[in-house]
Amino acid sequence: MGTKILPFCSSLLLILCIASHPSAQSFAQNEEQEQQEIKRSDFPDHFLFGTATSSYQIEGAFLEDGRGTSNWDAFSHIPGKIKNNDTGDVADDHYHRFLEDIELMHSMGMNAYRFSISWTRILPRGRFGKINRRGISFYNKVIDRLLLRGIEPFVTIHHHDLPDELDKRYGSWMSSQMQEDFVYFARICFEEFGDRVKHWMTINEPNLVVLMAYIKGVYPPAHCSPPFGNCSVGNSDIEPLIVMHNMLLAHAKAVRLYRTHFQGKQGGSIGLVAFGHMYEPFTDNEFDRQAVDRALIFNFAWVYDPIVYGDYPKEMQTILGSQLPRFSKAEKKVLKGSLDYIYVNHYTTLYTKDCLHSICSDDANRPIKGFLDTTGYRDGVSIGDPTGVDRFFVVPRGLEKIINYIKERYPDKPIYVTENGYSAPSSDGNNVEDMVNDTKRVNYHKKYLASLAKAMRNGADVRGYFAWSLMDNFEWADGYGTRFGLLYVDRQTLERRPKLSAQWFASFLGGHPQALAKSSSILNTNAFDSLM
């Protein structure tokens, strides 16, 4: 309605016209509801607050101490694949600076840290080569230091990076052989670190891997087909289904191994991480409301239904038919209940439009997408403030909604929010002072934590929250230009500088904000005081 009315508005009435638009009114009302203060006391005493990273994004030292070549090493070295031709060769040099980084976490008052194991640092050639003891030594030092500083390690076994040799040998996740390789890697992690690691995540975001690597083709191994992309190889309608199938079975077999041989004596827990956008109907039409249900099923339940209930959602089976792989009876038994917690990465909410009864673009009107389209705009009005990532908007109410969805679809399963974070739009400026005085990031975390607290007051069993990310890092295909960190990282010197958001967390959690302030000579203390 708004795009038809606005041309008839005079310039003097433009603001009133926009304000009277239903979308604008709804957006303003929601924002007003979300403007509330949040306190540490709004969460239980045992609640865990942490930051999150992944190995390839921060470690660097890509060929040091016996580490092998990963799929992301090979991919990022191809000109044009990563923005500005950035690579993770050096990244944030966490491999040499982990002691400093852990001290900064401690100063922020964080009592948990989510990180991942570099597959090629432990097994340079997968199961086709020897174990690299120097890689194991590195992670032992990280884990021991975390525990010494009172920080609980949450360890992801596989976060996107894998031995490049496995891609070359048999196509990695396109082959069932990958299940054997993953379980072999997981066993080593349990054997070497499980006496101290009590929280395991097998695979990070299989739903993002299939989207970016096998539908859009912008992550390795860059498989895709029209209308989603123009890769040299791939089938965007079929391959994602095969890859997800293998990842889910690899997860379930690793969980079976852990529960059979390790969990009893080590006393830990295990699960899998999925990204979970929230969705709202594009219109009040019943078809768009049904499309919201399908969007959640084709994104989140695609991952979690099999490992909670033992099979894919019925809606996916109906729409995808024979294209959707089938689990055997034995596989369903291994899958069902192969988790102790629900781990969700949440960043944004999008509008959803039905494509079964409406005309949509070619890439939306397809079974693999659930015959639906998503967008961040309705009648020219965004669903929330834009951020530095395309299709990521600030919509705090979405966190409460996705938590409620999880609570209802998977009752009696405790939940961790394993990633949530903000990157500023490039239009906000790229000078260091602007990036360090990150008031928008502070407000983002305050609003999302308030939304999370509301879900918990309404009965959601949420045990922890992890801010993405500890520091500015290699953001995959976006390189280093997109910054989510609580710590600013100078790309020339790799010096860490706590941002205003790090200071806020330190005050919120009862950490040591004074120690952090000394680490940042350009922090605007007046801006900090105004946010408290």
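The values are calculated or read from the model by the stated rules, or taken from the named source; none is laboratory data. Keep in mind the model is a prediction, meaning the values are calculated, not measured. For neighbour counting, all protein chains shown are included, and Cβ atoms are generated from backbone atoms with ideal geometry for every residue, glycine included. Each accessible area value is taken on the protein alone, full model and side chains, heavy atoms only, with ligands, DNA and RNA left out. Shrake-Rupley method; radii C 1.70, N 1.55, O 1.52, S 1.80 Å.
Tabulated data
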quantity	calculated
Summed residue charge, Cβ within 13 Å of GLY481's Cβ, Lys/Arg positive, Asp/Glu negative	-3
Accessible surface of the chain [probe 1.4 Å, protein heavy atoms]: carbon and sulfur percent	51
Gap separating the Cα centres of region 124-142 and region 398-450, nearest whole Å	34
Surface/4 of the Cα convex hull for region 99-154, nm²	3.8
Dipole magnitude (debye, nearest 20) for region 47-520, charges at Cβ of Lys, Arg, Asp, Glu	1360
At R0 = 51 Å, FRET efficiency that the Cβ-Cβ distance of ASP385 and LYS329 yields, to 0.05	0.55
Per-peptide average of other Cβ atoms within 10 Å, ordering 135-147, 493-505 highest first	493-505, 135-147
C-alpha center-to-center spacing [region 151-188, region 190-269] in angstrom	8
Cβ-based net charge around ARG187, under 12 Å, with every Lys or Arg adding one and every Asp or Glu removing one	-1
Among (i) 44; (ii) 22; (iii) 28, the entry that matches percent of Cα pairs over 39 Å apart as calculated here	(ii)
Of all DSSP beta bridges in region 300-420, antiparallel share, percent nearest 5	65
Sum of -39500 (n - 2.57) over DSSP H runs of 4+, divided by residues of the chain (222 nm, nearest 500)	-12000 deg cm²/dmol
Estimated inter-spin distance, VAL233 and ASP434, nm [label 7 Å along Cα→Cβ]	4.2
Listed peptides 282-288, 320-326 by packing density, highest first (mean Cβ within 10 Å)	282-288, 320-326
Calculated FRET value between ARG134 and ASN458, using beta carbons and R₀ = 56 Å, to 0.05	0.70
Rel. contact order, % - alpha carbon contacts under 8 angstrom, at least six apart, the chain	16
Peptides ranked, highest mean first, by Cβ atoms within 10 Å: ranges 203-215, 410-422	203-215, 410-422
Per residue solvent-accessible surface (Å²) - region 47-520, probe of 1.4 Å	34
Computed label-point distance, nm, for sites ALA515 and ASN285 using a 7 Å Cα→Cβ extension	5.7
Beta bridge orientation in the chain: antiparallel %, DSSP, nearest 5	25
13 Å beta-carbon shell around ASN345, net charge (K/R +1, D/E -1)	-1
